[in-house]
Structure formats: structure tokens, C-alpha cells
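Scroll down for the structure; my scribbles are underneath it.
The values are calculated or read from the model by the stated rules, or taken from the named source; none is laboratory data. Every value quoted in this text rests on a predicted model; they were computed, and no experiment measured them. These accessible areas exclude ligands, DNA and RNA; they are computed on the full protein's heavy atoms, side chains included. Shrake-Rupley method; radii C 1.70, N 1.55, O 1.52, S 1.80 Å.
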Amino acid sequence: VDWLQEAHPQTAWLNTADAAARGIANGDQVFVYNDRGTVKLQARVTERIMPGVVSIPQGAWYDPKSGGAIAPPPGANPAKPVDVAGSVNSLTSLHPSPLAKGNAVHTTLAQVVKS
């Protein structure tokens, strides 16, 4: 929904120390990626999130761009398209966690780099 995206754009929350170490400022475009996929979205730099953690809200529709439309960052899986809507499901696994046998989305490992 366009008006909802205007009111609350999909962002990746980063701690100020983590962002500074990566040369990322509030509002910069960033890639968040792992071996499962890559998302490109806006950074929200704040002290209101713990260092070493990135938060991407769920609920964005998947909008992949492949075939050279947007090149993934170095280190990302080049076989996977870059999702420009910020769908966190691009980074998660469909396999249940080994201990709780549940969804493991809150323990997804990923890298963050400036776009």
C-alpha cells in the first residue's frame, strides 16, 4: 500500500557504533545479505538497538530485481536476486530451529554494507 509505505518505510535499524564502523549514516541505502539472499533498503541509525543486531520488520512484499538490474554486494550470493522491498524473508530459512522446532527468524545471521 503506497500510503502505508510513505508513512512507515521499510528500514534496517542499526546501532550507531555498527553504522559508524561501516560508514553508514541515517537514511543511507544499505544491503543486508547472507547466503540465502540480499535485501536493499534504507538504514535507520539509532542507539535504540543493541550493537551487533540489525532489525528489519516483517511485512514487506517481495520485489526481486535480477539480471543486472541491481548487482548484489561483494560477498553476497550472486545467484539470488536483490529484493528492493526489504522483505526479511529473503534472509531467513524455512527449516525449523533444531532446539525449539520453530521458526528461527529472530536468529538470522547477516552482513550489512552501504549500497
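For the reader, a short list of remarks on this structure follows.
- Largest first and in whole Å, the equivalent-ellipsoid semi-axes of the chain read 20, 18, 16, each the square root of five times a Cα gyration tensor eigenvalue.
- Each Cα pair under 8 Å and six or more residues apart adds its sequence gap; the mean of these over the residue count of the range 67-115 is a relative contact order of 26 percent.
- J(HN,Hα) series, the range 48-53, from Karplus relation 6.51 cos²θ - 1.76 cosθ + 1.60, nearest Hz, glycine and proline x: 7, 9, 5, x, x, 10
- Heavy-atom accessible area per residue - the chain, 1.4 Å, Å²: 64 Å²
- Counting only DSSP H runs of at least 4 residues, each contributing -39500 (n - 2.57), and dividing by the residue count of the chain, the helix-based mean residue ellipticity at 222 nm comes to -2500 deg cm²/dmol.
- Only protein atoms count toward the accessible area here, which uses a 1.4 Å probe; on the chain, the carbon and sulfur part of that area reaches 55 percent.
- Cross-link reach list, aspartates and glutamates versus Lys40, counting only Cα pairs under 14 Å and skipping chain neighbours closer than eight places: Asp28, Asp63, Asp83
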